[in-house]
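What follows is a short report on a single structure.
The values are calculated or read from the model by the stated rules, or taken from the named source; none is laboratory data. This one's a predicted model, so the numbers in the text were calculated from it and none came from an experiment. Here Cβ is always computed from backbone atoms with ideal geometry, including for glycine, and neighbour counts include all displayed protein chains.
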Amino acid sequence: MTNIQNLKSLCRKAAFKARAEAHSVNDDQKANAQLFSYLKTFDSNLIIASYMPIRTEISPLLAMEKMSKRGYKICVPVVVKEGKPLNFYQWTPNTKMIPGAFGAMIPEKSDLLVPDIIITPLAAFDMNGYRLGYGGGFYDRSFAEITKVKKITAIGFAYSAQEVMLVPREATDYKLDQIITEQGLLSF
């Protein structure tokens, strides 16, 4: 394990603790209001990728349901294989979901989509627009793969308590365009 990977591992442990404490306060509704307000400014022809929350991740489900009711296409990530980018499958509030990798629910059967906007969970973020994930690199590989085909907007969704001074990063770490918390929008 390299020095940067060791730093990431230490940062991740502290970040999960901060996230769990923030999760217990339950500001998800306030954060979803911020997320929804931002997303509804985008053209309804764009495809929005979000995620099904696991553990103490902030839940984007309220905003996802509202955006779906407004006619936006929503999709969620599915882990295909370790070391590969994510696939994104269409989701609606009525989609039949089954357990997938890491305990996240995934569509049982759905259309494969390529998102224009990707909302990503995270362990920590910094004011430079970088996120610390779980260490699998799925989102970073997905951002890199999709941007070969089209421009995307990458949004981190988190509790404000997940902010750290500096996220340890490597050359493969993708810089986010925005981060949305219960306190508002940060743009980079």
- Task: Please name all residue pairs, on different chains or six or more residues apart, with Cβ atoms under 7 Å, provided the first residue is in segment 44-62 and is part of a loop (DSSP other than H, G, I, E, B) and the second residue is of a type in the set (Phe, Trp, Tyr) and modelled with pLDDT under 95.
- Result: Ile54/Phe102
- Scanning segment 15-24 for residues that are out of contact with any Ser or Thr (no Cβ under 7 Å at 6 or more places or on another chain) and in contact (Cβ under 8 Å) with a residue 40 or more places away in the chain, which turns out surrounded by the fewest Cβ atoms within 10 Å (Cβ to Cβ)? Glu21
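Conditions (1) surrounded by fewer than 13 Cβ atoms within 10 Å (Cβ to Cβ); (2) in a loop (DSSP other than H, G, I, E, B); (3) not charged (D, E, K, R), marked per residue:
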residue: Asn94; (1), (2), (3): yes, yes, yes
residue: Phe102; (1), (2), (3): yes, no, yes
residue: Ile106; (1), (2), (3): no, no, yes
residue: Ser110; (1), (2), (3): no, yes, yes
residue: Pro115; (1), (2), (3): no, yes, yes
residue: Ile118; (1), (2), (3): no, no, yes
residue: Leu122; (1), (2), (3): no, yes, yes
residue: Met127; (1), (2), (3): no, yes, yes
- Could you tell me whether any residue of segment 131-141 is within 23 Å of Ser68 (Cα to Cα) and either at pLDDT below 95 or in contact with a Ser or Thr (Cβ under 7 Å, 6 or more places away or on another chain) (or both)? yes
- So which residues in segment 1-43 are in a helix (DSSP H, G or I), within 25 Å of Arg169 (Cβ to Cβ) and hydroxyl-bearing (Ser, Thr, Tyr)? Ser9, Tyr38
- Query: Of all the residues that make up segment 140-185, how many are closer than 24 Å to Leu7 by Cα and hydroxyl-bearing (Ser, Thr, Tyr)?
  - Reply: 5
- Query: Of the residues that sit in segment 140-154 and are crowded, with 20+ Cβ neighbours inside 10 Å and in contact (Cβ under 8 Å) with a residue 60 or more places away in the chain, which one is nearest to Arg19 (Cα to Cα)?
  - Reply: Ser142
- Message: Tell me the residue from Ala20, Ala14, Ala104 that is small (Gly, Ala, Ser), within 14 Å of the chain's Cα centre (by Cα) and on the phi < 0 side of the Ramachandran plot, please.
- Response: Ala104
- Note on the structure: Of the conditions (1) hydroxyl-bearing (Ser, Thr, Tyr); (2) outside any strand (DSSP E or B); (3) touching a Cys at 6+ places or on another chain (Cβ under 6 Å), the single one that Tyr89 does not satisfy is (2)
